1. Quick check on the range 81-238: take the gyration tensor over C-alpha atoms, sort the square-rooted eigenvalues as a ≥ b ≥ c, and tell me if it's rounded (a/c under 1.5), prolate or oblate.
2. Of the accessible area of the chain, with the probe set at 1.4 angstrom, what percent is carbon plus sulfur?
3. Using a cut-off of 15 Å between beta-carbons, work out the net charge of the residues near Leu23 (Lys and Arg +1, Asp and Glu -1, Leu23 not included).
4. So for the pair Glu332, Val220, with labels modelled 7 Å out along Cα→Cβ, what separation do we get in nm?
5. For Leu148 and Leu9, compute 0.36 nm times the residue count separating them, minus their Cα-Cα distance, and round to one decimal in nm.
6. May I ask you to evaluate 6.51 cos²θ - 1.76 cosθ + 1.60, the Karplus curve with θ = phi - 60°, for each residue of the range 136-143 and list the ³J(HN,Hα) values in order in whole Hz, giving x for glycine and proline?
7. Using +1 on the beta carbon of Lys and Arg, -1 on that of Asp and Glu, and nothing else charged, what's the dipole of the chain about the Cα centre, debye to 20?
8. What accessible surface, in Å², does a 1.4 Å probe find on Val210, ignoring ligands, DNA and RNA and rounding to the nearest 10?
Amino acid sequence: MAQRQDIRLEELALAARNHGMPLEALRLPVTPIGLHYLLTHYDIPIVDADKWSLEIAGLVERPQRLSLADILELPAEELTVTMECAGNGRARMAPRPFSQPWLEEAIGTARWTGTPLIRLLERAGLRKGAVEVVFTGLDRGVEHGRELAYERSLGLDQVLEGDVLLAWAINGQPLPPQHGFPLRLLVPGWYGMASVKWLTKITVTDRPFVGHQQAYAYRVRLSEDEDGEALTRMLPRALMIPPGIPDFPARARTLPAGPCALEGRAWSGFGPIGRVEVSADGGGSWEPAELEADVGSAYAWCRWRHAFEAEPGVAVLLCRAEDATGRSQPLEPVWNLGGYANNAVQRVAVTVVRS
Ligand SMILES: Nc1nc2c(c(=O)[nH]1)N[C@H]1C(S)=C(S)[C@@H](COP(=O)(O)O)O[C@H]1N2
Ligand SMILES: [Mo]
């Protein structure tokens, strides 16, 4: 493996603000709010709900401005959704792209409650020529010397068929500030960047959106000269709860010899997981794990389990998922400029000791 460069202090500053889900939380079907990963590009807006409103503008018959109370009165739906940051796995790339240095923990599954986006758009009435819908957050930052809001768009097909939610609750609680209070978009199956937090405006447009987070960031490309391909759905990934116990601070793991029950979760934004395989010998041989859809949502991860016999010595444990479309995980990262969509298999080294 190529030599890794040191983490910069700027990356540490990002990593301290944006935390991952500790992998032991893979035991839980729904991630408690404080353990769900977080990714915020700029500063977290602290919103006064009484002054906040949602504007619906652009190519609509009846432009709207809704208060939080208006939105809370609309029929609500609940969806359990696994969300992953598109930059998950970035720190395992070499050379490491400069950004939030995730290993594999930028994930979480939550019960989101809110209003289906399509209901609000029906109320407003789409006009002829509508092509995309742009979602604007309250948070602002500077990119390439220009001030802008965090904004992303979705094509009309995704808006009409994607079960997209305007969420005002997570795990039965109002959204906390860091997850987008008072209202966020939730695009099930897609990498997290699509799910705009602190939503304040929805604009129906007659052309593709070319804002920074759409046309520049969140594209898979090898150089600045390429347009690249926009990131959309989450590639399949399986993760395991690292077995045994860690030391501090290196977190090297020790496991007693004998029968070991490995457990983890797997998901894909392209549909259900077809199989998960586990290797207890560094990738030499693979065995199928047992799958259990214990969450009961098409948009959430499933549980896997696998029993193996831990022999004294050093072992490298791997797991990999394949989804129903046949998409699977590579053994090594596939590099790109932004460090996106790295779903290379997780490896956990353990020292097995006689108990
Ligand atoms: N307004 C706004 N929305 C945003 C972001 C942001 O910085 N600002 N980050 C996006 C990214 S990259 C991810 S991965 C998810 C993270 O959602 P979470 O912090 O609730 O887990 O929010 C997305 N929505
Ligand atoms: Mo992200």
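1. Cα axes put the range 81-238 in the oblate bin.
2. Numbers: 8750 of 16420 Å².
In the chain, the share of accessible area belonging to carbon and sulfur is 53 percent.
3. +3
4. So the label points at Glu332 and Val220 sit 1.8 nm apart.
5. Working: separation 139, 0.36 × 139 = 50.04 nm, distance 2.47 nm.
Between Leu148 and Leu9, full extension yields an extra 47.6 nm.
6. 10, x, 7, 6, 10, x, 10, 10
7. Working: 36 positive and 44 negative charges, 57 e Å.
Charge dipole of the chain: 280 debye, to the nearest 20.
8. Number for this one is 110 Å².
The values are calculated or read from the model by the stated rules, or taken from the named source; none is laboratory data. None of the values given here were measured: they were computed from a predicted structure. Here the Cβ is made from the backbone with ideal geometry for all residues, glycine too, and neighbour counts use every protein chain on show. In case anyone asks, the SASA skips ligands and DNA or RNA and just uses the protein heavy atoms, side chains included. Shrake-Rupley method; radii C 1.70, N 1.55, O 1.52, S 1.80 Å.
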